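Heads up, the thing below is written out as structure tokens.
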Amino acid sequence: MARQKGLLKLTGTLGGINFYVVKGVGFARNAGGGFNGDAIRHQPNMQRVRENASEFGHCSTVKKAFRLALMPFLHGYKHSKLHARMMTLFTSIKALDAISERGSRRVGEGLQTAKGRRLLHTFELTPQHKMLNAVLRHSNFNWSLQGLSVTDFSAKLYPCPKAATHVGLTLGILDFNFDTLDAPLMVSPTYFLEVSSASSSFEIAMDAAVVTDFVGIAVLGLRFYEVIDDEVYGLDAMVGVRLLDVRV
């Protein structure tokens with residue numbers, strides 16, 4: 001059994017393939033044996049398929065909302081495997097929901113567990129980013145102060161886009177409601193460093209403390225800039241984003 005991709009979901013039989021939709025998720029499989037959308041929706045032996053489809057749809061919706069919430073950081077980042085990796089992440093977190101019945105398990109409940117929070121915290125949105133990884137090795141995030149302290153970091157040691165003159169680091173606090181999918185995001189002023197700068201220490205902090213009512217997620221974004229005569233141009237190349245902490 002395969003899932004249909006794209007905005008248009010087919011139903012019916014075409015070229016020996018059955019196409020059907022269950023709770024908004026499209027499926028396809030070889031025709032035969034009376035296996036069709038109506039059977040999926042109603043036959044008792046298709047209960048597990050219905051459960052899987054329901055939970056898959058939920059994880060897909062959460063994934064979309066989460067990615068949109070982080071778009072100020074992810075803007076310009078293109079990677080063909082990000083969608084699949086995020087779906088694997090939220091499916092794994094959803095599976096930690098030990099309260100809900102199968103078919104109704106939710107990501108938000110999975111995040112009530114320490115393992116669920118660790119899965120989200122350690123997820124690499126933009127993997128193998130040498131400069132961002134170096135910043136994290138030289139930094140410490142304090143949730144109470146909502147600030148990031150960076151010590152002895154040298155930007156000139158790491159690759160950057162050819163046009164870049166500066167690198168900007170921005171801290172964000174996301175308050176994500178995994179039930180309603182509301183996700184207000186507050187960001188700090190961007191801290192700029194010349195890409196040729198030697199070792200330096202600095203702090204990045206929010207202008208004011210952010211109170212989170214749901215799942216609090218601290219985010220660090222790295223973006224390169226070209227500065228010409230005090231005009232600042234953001235570059236989409238080599239964007240870096242990392243989750244610093246997750247609190248419930």
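Quick note: the coordinates plus some simple rules give every number you see, no bench work behind them. Only a predicted model underlies this, so the values are computations on that prediction, with no experimental measurement involved. Note: ideal-geometry Cβ built from the backbone for every residue, glycine included; neighbour counts use all protein chains shown.
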Note: Phe202 to Arg67 extended length (0.36 nm per residue) minus current alpha-carbon separation gives 45.7 nm
Could you pull out the pairs from Lys64/Lys162; Lys78/Lys115; Lys81/Lys115; Lys81/Lys130 whose alpha carbons sit more than 26 Å apart here?
Lys64/Lys162; Lys78/Lys115
Sticking with the crude label model, points 7 Å out along Cα→Cβ, report the distance from Asn52 to Ser154 in nm, one decimal please.
5.3 nm
Cleavage-rule hits, trypsin sites (Lys or Arg not before Pro), the range 131-214, DSSP coil, Cβ neighbours within 10 Å at most 15
Lys162
